[in-house]
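Peer 1: Sending over a structure as structure tokens; questions will come in a sec.
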Amino acid sequence: MLEIGYKYTKETICDENNTAAAVGSGSLRVFSTPALLTLMELCCAEAVSGFLEEGQSTVGTAAELKHVAATPVGMKIKAECELVEIDRRRLVFEVKAYDEKELVGECRHERFIVNNDKFLAKCYAKQENN
């Protein structure tokens, strides 16, 4: 059962594919802000995946991110999330990310537990109305 205070970590490495220059969020060869957000979201999603019923997943609905330090190519980045709020299907996480030297980012991230089939049916129904 999911409980407030549950923690999880996820790591990646800054490589040429996730730099600001590669993803188009800037021109420098440093870990990009979109890659940082992806790492943080993935950390939160993986944290709760083992607690979900079959046919359920979570979707990200909000993120307030501060990218506070640059990380060079070749350095490891570790995200650490903590579940800080549970409101029925709504889950709120505090996430911090560190490279091998310092804190590089902080985020408050919200996810909702969804029924996969219902969620996708509602999404793809948009195409039928066009």
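The values are calculated or read from the model by the stated rules, or taken from the named source; none is laboratory data. Bear in mind that the values here come from a model prediction, so they are computed numbers and not experimental data. All Cβ positions, glycine included, derive from the backbone under ideal geometry; neighbour counts span all protein chains shown. For accessibility, only protein heavy atoms count, side chains too; no ligands or nucleic acids. Shrake-Rupley method; radii C 1.70, N 1.55, O 1.52, S 1.80 Å.
Peer 1: Restricting attention to the stretch 1-50, which residues are within 30 Å of residue 88 (Cβ to Cβ), assigned to a strand (DSSP E or B) and open to solvent by less than 60 Å² (accessible area, probe 1.4 Å)?
Peer 2: 10
Peer 1: Additional query: Go through (1) touching a Lys or Arg at 6+ places or on another chain (Cβ under 6 Å); (2) within 11 Å of residue 107 (Cα to Cα) for residue 81 and report which single condition fails.
Peer 2: Condition not satisfied by residue 81: (1).
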